[in-house]
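**Q** Here you go, one structure.
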Amino acid sequence: MATSSESSQSSESSLRKRRGEPLISDSHSNEDRNETLQKEDLRKYDKKGNVSLQTGTYWLTRIVLLRAIAFIYFVAFAVAYNQNKQLIGEKGLIPCKDYLRSVKRYVGGKIGINALAYTPSILWFMDWNDMDANLDGIALAGMTISSFVLLMGRANMIIMGLLWILYHSIVNVGQIWYSFGWESQLLETGFLGIFLCPLWSLAQMPRSCPPSHISIWTFRWLIVRIMLGAGLIKIRGDRCWRDLTCMDYHYETQPVPNPVSYYMHHSPWWFHRFETLTNHFIELIVPFFTFMGRRMCMVNGALQILFQIALIISGNLSFLNWLTIVPSLACFDDAALAFLFRRSGGARQTLLKIQTESAAGQTPPPSKGMLIRRVVNVSLGILIAYLSVPVVMNLLSSRQVMNTSFDPLRIVNTYGAFGSVTKERTEVVFQGTLSVNHTEEGVIWEEYEFLCKPGALNRRPCFISPYHYRLDWLMWFSAFQTYEQNEWIIQIAGRLLANDTTVLSLMGHNPFQGREEPRWIRGEHFRYKFTRPGSSGNAQGKWWVRKLIGPYFPPVNLEGLRGYFKSRSWPFPDRY
């Protein structure tokens, strides 16, 4: 009579025969058979019979994260290359050389540790005789390095650290032109990206450096803070977020609307209420899904990405929304992101081999480098936790502030957006005339156009995200204030009077191109509103209607500005 063990072996052999697999000989020990069966059980098959990946590893996640970070870096450096000379270059509106000199005087007249602590930038150590070349060199180096990471999907700590240092060097001398919250967010995201990578190796999937769970969780903690910061500042800020009416105004009054903004603005009132409620749910409730297990964490990631895509479609918020997608990607493991990779060959096949060997206990023993790496990862976690204390205190405070850094390197920051929503859109429009006397009757004032912000009533709103026109954004802010609070506006007027090519390159239309220079420039303050679908203005192809509020700054001529420029140590513009 056969024993139960023999019956089990017979059943196992029959099962393997039906599968078409080789039989395990009786000479194999029970331990070998159990190990083989364990390997078999660890393999999961999808509906097509292909072996699927195990959950809980982040090799593919690392590749996706690195490429996403590199893409944002590339856009940011491209913006810097195209605009830095005009904004902070030798002949820029607010030259960074003057800023560095003022910092040097403030810290005692020496370029040392105090100067670096106050303004971390490699520009301190470069030749200041050609600052334009320095700025271009930094931007081009950043574009080159980030494009390599973007295309190859691989990097090391040296490369990611260099990108972080290069962008830090620009942001810290960028002054008001780099005062936006997404600059700190990119620096924090880029800093976390350094610790995703091995120190030296450029292998896409280095066996000796598996992605650290601590590193993955730092990205998840980032998206939690971003969304909670944005949600809490809204609830504590403008009343319209509480009575669900903010979206009645947002699309029309946001900094740089796009064509979709026009149609979103004219959505039914109930849709705007639904949007506001959805915003509160996504920003205040969904982030907590991160801590509720794998599936709920992925739900958080998916909802955050969809939310950011909706914002990208409906407005030109620079690379902010694209950047916010990056930490959301850390909510997904290899099994969830496998669909982004080819089934045969490449990273996916390599990962399958790694997982199979790991399941069989064939992982290499920890080396000295791997042990050091673990110490580095733990240190990163401790550092982020320590620097998060003031950030969490700010989130809990009734006096919450948004887009603030609590350390000079901007490693952990507090974020937020649209804590208040403007109910009316105002714009500053530059106008020039060739008339010698601007007060005489029949004076013709001709308007300058910016690259993207609203101006001409029949010009279709632009679609530029993730690109960023920095001057256009600052003009939106200046419309809420006076020209005395934004003296660079008068410098722009003086440059336009001289047909200065540096400033004109930041403009979309120069009405005096190919003609003599204007004699007078003035700034007019208008209230803008979208035309209503079906209205007479809309039928005439107009996107906007506007009403004059009054003068923003009075008519000025070049000679009259001489003393103004001299009192502020601005170079007096020469006519071309």
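**Q** How would LYS368, LYS529 rank on accessible area, largest to smallest, probe 1.4 Å?
**A** From most accessible down to least: LYS368, LYS529.
**Q** Now for a separate question. Give me the tail of P(r) for the chain as a percent: Cα-Cα pairs with distance above 35 Å.
**A** 49
**Q** Report the semi-axes of the equivalent ellipsoid for segment 41-161 in whole Å, largest first, where each axis is √(5λ) for an eigenvalue λ of the Cα gyration tensor.
**A** Ellipsoid half-lengths, sorted descending, are 44, 17, 10 Å.
**Q** What size of dipole, in debye to the nearest 20, comes out for segment 425-568 about its Cα centre when the only charges are +1 on Lys and Arg C-beta atoms and -1 on Asp and Glu C-beta atoms?
**A** Using Cβ point charges on Lys, Arg, Asp and Glu, segment 425-568 gives about 600 debye.
**Q** How large is log10 I(q)/I(0) at q = 0.11, 0.19 Å⁻¹ when the Debye formula is applied to the Cα atoms of segment 327-426, each weighted equally and without solvent?
**A** Once normalised to I(0) and log-transformed, intensities are -0.67, -1.06.
**Q** May I pose another question? Angle, helix 213-236 long axis vs. longest principal axis of the chain, Cα atoms, 0 to 90°, nearest 10?
**A** The two axes meet at around 40 degrees.
**Q** Then there's this: Among the trypsin sites (Lys or Arg not before Pro) in segment 51-127, which ones are in a DSSP loop with at most 13 other Cβ atoms within 10 Å of the Cβ? Mind listing them?
**A** Taking segment 51-127 and a limit of 13 other Cβ atoms within 10 Å, the loop trypsin sites (Lys or Arg not before Pro) found are LYS110.
**Q** Shifting gears a bit: Can you give me the distance in nm between label points at PHE148 and ASP243, each placed 7 Å from the Cα along the Cα-to-Cβ direction?
**A** Taking the two extended label points, one gets 5.7 nm.
**Q** Right, next: Which order, highest average first, do 123-133, 438-448 follow once you tally other Cβ atoms within 10 Å for each residue and take the mean per peptide?
**A** By packing density, highest mean first, the sequence is 123-133, 438-448.
**Q** If r is the Cβ-Cβ distance from ILE235 to ASP98 and R0 is 41 Å, what FRET efficiency results, to the nearest 0.05?
**A** 0.50
**Q** Which distance in nm do the two modelled labels at SER420 and VAL436 give, with both placed 7 Å along the Cα-to-Cβ direction?
**A** 4.8
**Q** Between LEU387 and SER179, what is 0.36 nm times their sequence separation minus the Cα-Cα distance? Round to one decimal in nm.
**A** Separation in residues times 0.36 nm, less the Cα-Cα distance, equals 72.8 nm.
**Q** Please compare each pair in LYS97/LYS566; LYS423/LYS542; LYS91/LYS566; LYS85/LYS542; LYS423/LYS453; LYS85/LYS547 to a cut-off of 23 Å on the Cα-Cα distance and tell me which ones are over it.
**A** Distance filter (> 23 Å) returns LYS85/LYS542; LYS85/LYS547.
**Q** If you keep only loop residues by DSSP, which chymotrypsin sites (Phe, Trp or Tyr not before Pro) in segment 286-390 have at most 14 other Cβ atoms within 10 Å of their Cβ?
**A** Nothing satisfies the criteria.
**Q** What order do you get for 246-254, 558-566 when each peptide is scored by the mean count of other beta carbon atoms within 10 Å, highest first?
**A** Averaged packing, sorted descending, gives the order 246-254, 558-566.
**Q** If you take the square roots of the eigenvalues of the alpha-carbon gyration tensor of segment 172-275 and sort them as a ≥ b ≥ c, do you get rounded (a/c under 1.5), prolate (a/b over b/c) or oblate?
**A** Since a/c reaches 1.5 and a/b is larger than b/c, the shape of segment 172-275 is classed as prolate.
**Q** Here is a further query. Could you tell me how many degrees, from 0 to 90 and to the nearest 10, lie between the Cα long axis of helix 294-314 and the main elongation axis, the longest principal axis, of the Cα atoms of the chain?
**A** For 294-314 against the chain, the angle is about 30 degrees.
**Q** Helix 368-396 versus the longest principal axis of the chain: what angle, 0 to 90°, nearest 10, using Cα atoms?
**A** Once rounded, the angle reads 50 degrees.
**Q** Here's a follow-up. Would you mind getting me the FRET efficiency between PHE477 and SER536? Use the beta-carbon distance for r and R0 = 25 Å, nearest 0.05.
**A** 0.20
**Q** For segment 425-568, what number results from the quotient of the Cα radius of gyration and 2.2 N^0.38 Å?
**A** That works out to 1.08 for segment 425-568.
**Q** Report the full-extension gain for the segment ILE309 to LEU340: residue separation times 0.36 nm, less the Cα-Cα distance, to one decimal in nm.
**A** 9.3 nm
**Q** Which percent of the accessible area of segment 363-472 is formed by carbon and sulfur heavy atoms (probe 1.4 angstrom)?
**A** In segment 363-472, the share of accessible area belonging to carbon and sulfur is 63 percent.
**Q** With label points built 7 Å along Cα→Cβ from the Cα atoms of HIS509 and ARG568, find their separation and express it in nm.
**A** 2.7
**Q** Grab the beta carbon distance between ALA133 and GLN362, set R0 = 45 Å, and tell me the FRET efficiency rounded to 0.05.
**A** Efficiency, rounded to the nearest 0.05: 0.25.
**Q** Might you report the magnitude of the Cβ-based charge dipole of the chain about its Cα centre, with Lys and Arg at +1 and Asp and Glu at -1, to the nearest 20 debye?
**A** 780
The values are calculated or read from the model by the stated rules, or taken from the named source; none is laboratory data. Model, not experiment: these values are computed from the prediction. Using ideal geometry, Cβ is built from the backbone for each residue, glycine included, and neighbour counts are taken over all protein chains shown. The area values use the complete protein model at the heavy-atom level, side chains included, leaving out ligands, DNA and RNA. Shrake-Rupley method; radii C 1.70, N 1.55, O 1.52, S 1.80 Å.
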